[in-house]
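Report on the following structure.
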Amino acid sequence: AWADSRTVKLLLPSMNCAMCPITVRKALEKVEGVKRVSVDYQTKSALVVYDDNKTSVGQLTLATENAGYPSTEIRED
């Protein structure tokens, strides 16, 4: 089976310092299957490209929560 790349945007309302995005990015990059992470301090969000055969949104939000930054998926319909 071919791996499907998916992109999810996570809202991280508790990011409130310049070091927060680095901590969040490192936590997300440790999740197996994550291909690319972009964290934006201004919008308090993270854009994550991942292989949905290896990880899920639930695992991504758990990773940010374990790093001290609870997150929720932003659905852009």
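The values are calculated or read from the model by the stated rules, or taken from the named source; none is laboratory data. It should be emphasised that the depicted structure is a prediction, and the values quoted were computed from it without experimental measurement. The accessibility values were calculated without ligands, DNA or RNA, using every heavy atom of the protein model including side chains. Shrake-Rupley method; radii C 1.70, N 1.55, O 1.52, S 1.80 Å.
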Relative to the chain, whose Cα atoms define the longest principal axis, helix 20-29 and its Cα axis are tilted in degrees, nearest 10, by 20 degrees
The helix 57-66 Cα axis meets the longest alpha-carbon principal axis of the chain at an angle in degrees, between 0 and 90 and rounded to 10, of 30 degrees
For the chain, the per residue accessible area (1.4 Å probe, Å²) is 64 Å²
Semi-axes a, b, c in Å (a largest) for the chain, each sqrt of 5 times a Cα gyration tensor eigenvalue, come to 20, 13, 10
Any lysines whose Cα falls less than 19 Å from that of Lys30, other than same-chain ones fewer than 8 residues away, would be Lys9, Lys54
Expressed as a percent, the accessible surface of the chain that is carbon or sulfur, using a 1.4 Å probe and the full set of protein chains, is 49 percent
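Only helical DSSP H runs with n ≥ 4 go in: add -39500 (n - 2.57) per run for the chain, normalise by residue count and round the 222 nm mean residue ellipticity to 500 deg cm²/dmol.
-7500 deg cm²/dmol
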